[in-house]
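> Shown below is the structure under consideration.
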Amino acid sequence: VLDQAIHAVSGQQATSPEKLADKIALLIQLFRERRCLLILDNFETIMQPGTITGTYRSGYAEYGPLLRALSERMHESCVILTSREKPAELGSLQGRAGPVRTLALAGLGDEACQSILEAQAIAGTPHDLHALARLYSGNPLALALVAEPIRELFGGDLGAFLAAGNAFFNGVGALLYAQLARSTPLEQAILYWLAIEREHVPLSALLRDLGEDVPQREVLAALESLRHRMLIERGPGNATFTLQPVILEYVTDSLIELVAREVADGRPRLLSSHAIVLATAKEYVRRSQEQLIAVPLLDRLGKRDAVERQLLNLLAFWRNQPHATQGYGPGNVVNLLRLLRGHLRNLDLAHLRIQQAVLHGADVQDTSLAGAVLWDTLFTETFDAITAVAISSSGEYW
């Protein structure tokens, strides 16, 4: 792009030097002599997927020193950069008093969204229009992409589309997939936790969810990267984070699909690293997790008898694993079995690490918990006839 810019700005008069530093110096000199506008569109396409934001693809590293030079050196021109990811070079240079400014585009209001939909022959009540605008956070591209399936499949009836409950037709799903696929494994883990928590999550809760093995500095770096990718939003409180509605739905659906595949294959990963129902959550959040994650997961898995066998096989698998590697897995299976069977009778939960299990009000007759470690588990409030409690010497286990 440097060679093209030098060629265009000089009126095809200047010859581009060989060295990068000389090319940048020549472009800056041309920008001092002429008032030009340079537009770098879709800048995220030269960023390396699967890494923290700010890492360039192989062969595009020259953009880093170019951006820094354009930001720091005096000239008479203007550069506009559009991107779904903020380049790292701009973070330390932006400011109200400086030459570098950033603008995060907010979503459109209901009136503007209505104009887009009306141009696409989409009709609906004010309530439905508001619901669609909120679902896609007023994103004009998403609204334009979803307009075609609303028109072709639902005859332009917005209410019927919303009742169908599928927000990811064609282009919208592809757009979200491409954006999320660029994130790192830790960023994806954070997105799944935000989808599970389903409300504004404080940093302390996110650190607890991820576990002590993930350093806080790495979590903070991942959160900053997700903010630069425009995938998370900061909540109204200090250090709280959440997802836009359409991203929340997409990540939730992805979580259900991946966990269903893990259960069917007998190879748990997310099922161990993430609790799909949180016993320690507020009751309305826990009910939401059951209705929007756990129950759809069971529905996707298929026939009840086959699903129960798969879940019991997972418990047998974890029983032979160290507690440290079991993670949230056994607790997840306990919660799924409770929802599937309506009870937890006659289960062998011995020697398992059971975390975030909801045992409140559950029938656990003839179920063995011998040698099990119970962590953040919700019991029925009243115990009857406890005759002895065994506590480890450290006081950590009981």
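The values are calculated or read from the model by the stated rules, or taken from the named source; none is laboratory data. In this text the structure is predicted, and so the values were computed from the model without any measurement. Note that each Cβ is placed from the backbone with ideal geometry, even for glycine, and that neighbours are counted across all protein chains shown.
> Of the residues in region 79-108, how many are of a type outside the set (Val, Ile, Thr), in a loop (DSSP other than H, G, I, E, B) and within 25 Å of Leu180 (Cα to Cα)?
Summing the residues that are of a type outside the set (Val, Ile, Thr), in a loop (DSSP other than H, G, I, E, B) and within 25 Å of Leu180 (Cα to Cα) in region 79-108 gives 11.
> Also: Would you confirm, using the coordinates I've provided, whether Ser77 is farther than 23 Å from Gly165 by Cβ, out of contact with any strand residue (DSSP E or B) (no Cβ under 6 Å at 6 or more places or on another chain) and at pLDDT 85 or above?
yes
> From (1) free of Cβ contacts under 8 Å to residues at least 12 places away in the same chain; (2) assigned to a helix (DSSP H, G or I), pick out the condition that doesn't hold for Ala189.
(1)
> Please determine, by comparing only the residues of region 288-304 that are within 21 Å of the chain's Cα centre (by Cα) and under 20 Å from Leu359 (Cβ atoms), which one is surrounded by the most Cβ atoms within 10 Å (Cβ to Cβ).
Within region 288-304, the match that is surrounded by the most Cβ atoms within 10 Å (Cβ to Cβ) is Gln289.
> Scanning region 328-347 for residues that are not polar (S, T, N, Q) and not in a helix (DSSP H, G or I), which turns out surrounded by the most Cβ atoms within 10 Å (Cβ to Cβ)?
Only one residue tops the list, namely Tyr328.
> Looking at the structure I just gave you, is Leu67 in contact with a strand residue (DSSP E or B) (Cβ under 8 Å, 6 or more places away or on another chain) and outside any strand (DSSP E or B)?
yes
> Tally the residues that are part of a helix (DSSP H, G or I), modelled with pLDDT of 90 or more and in contact with a Ser or Thr (Cβ under 7 Å, 6 or more places away or on another chain), restricting the search to region 195-225.
Here the count works out to 2.
> Here's something else I'd like to know. Kindly indicate which of Leu278, Leu243, Leu255, Leu271 is touching a residue at least 24 places away in the same chain (Cβ under 8 Å) and within 30 Å of Leu90 (Cα to Cα).
Values: Leu278 fails: within 30 Å of Leu90 (Cα to Cα); Leu255 fails: within 30 Å of Leu90 (Cα to Cα); Leu271 fails: within 30 Å of Leu90 (Cα to Cα).
Every option except Leu243 fails the conditions.
> Can you find a residue in region 151-173 that is part of a helix (DSSP H, G or I), surrounded by fewer than 16 Cβ atoms within 10 Å (Cβ to Cβ), among the hydrophobic types (A, V, I, L, M, F, W, C) and not assigned by the TED database to the domain that holds Pro126?
Looking for residues that are part of a helix (DSSP H, G or I), surrounded by fewer than 16 Cβ atoms within 10 Å (Cβ to Cβ), among the hydrophobic types (A, V, I, L, M, F, W, C) and not assigned by the TED database to the domain that holds Pro126, one finds none in region 151-173, hence no.
> Now, a different point. Name the one entry in Ala316, Ala279, Ala350 that is in contact with a Gly (Cβ under 9 Å, 6 or more places away or on another chain) and either part of a helix (DSSP H, G or I) or surrounded by 16 or more Cβ atoms within 10 Å (Cβ to Cβ) (or both).
Numbers: Ala316 fails: in contact with a Gly (Cβ under 9 Å, 6 or more places away or on another chain); Ala350 fails: either part of a helix (DSSP H, G or I) or surrounded by 16 or more Cβ atoms within 10 Å (Cβ to Cβ) (or both).
Criteria check complete, one pass: Ala279.
> (1) more than 19 Å from the chain's Cα centre (by Cα); (2) closer than 22 Å to Glu249 by Cβ: which one isn't true of Ser77, the others all being true?
(2)
> Would you check if Thr55 is within 27 Å of the chain's Cα centre (by Cα), within 14 Å of Leu81 (Cβ to Cβ) and without any contact (Cβ under 8 Å) to a residue 60 or more places away in the chain?
Details: within 27 Å of the chain's Cα centre (by Cα): yes; within 14 Å of Leu81 (Cβ to Cβ): no; without any contact (Cβ under 8 Å) to a residue 60 or more places away in the chain: yes.
The answer is no for Thr55.
> Return only the number of the condition from (1) part of a helix (DSSP H, G or I); (2) buried (at least 20 other Cβ atoms within 10 Å of the Cβ); (3) of a type outside the set (Asp, Glu) that Ser183 does not satisfy.
(1)
> Taking the options Thr325, Thr380, name whichever one is in contact with a helix residue (DSSP H, G or I) (Cβ under 9 Å, 6 or more places away or on another chain), surrounded by fewer than 18 Cβ atoms within 10 Å (Cβ to Cβ) and of a type in the set (Ser, Thr, Tyr). Lay out the reasoning, then the answer.
Working: Thr380 fails: in contact with a helix residue (DSSP H, G or I) (Cβ under 9 Å, 6 or more places away or on another chain).
Selected residue: Thr325, the only one of Thr325, Thr380 that is in contact with a helix residue (DSSP H, G or I) (Cβ under 9 Å, 6 or more places away or on another chain), surrounded by fewer than 18 Cβ atoms within 10 Å (Cβ to Cβ) and of a type in the set (Ser, Thr, Tyr).
> Return yes when Glu262 is free of Cβ contacts under 8 Å to residues at least 40 places away in the same chain, in contact with a Pro (Cβ under 9 Å, 6 or more places away or on another chain) and in a helix (DSSP H, G or I) and no when it is not. First the steps, then the outcome.
Numbers: free of Cβ contacts under 8 Å to residues at least 40 places away in the same chain: yes; in contact with a Pro (Cβ under 9 Å, 6 or more places away or on another chain): yes; in a helix (DSSP H, G or I): yes.
Considered against the rule, which asks whether it is free of Cβ contacts under 8 Å to residues at least 40 places away in the same chain, in contact with a Pro (Cβ under 9 Å, 6 or more places away or on another chain) and in a helix (DSSP H, G or I), Glu262 comes out as yes.
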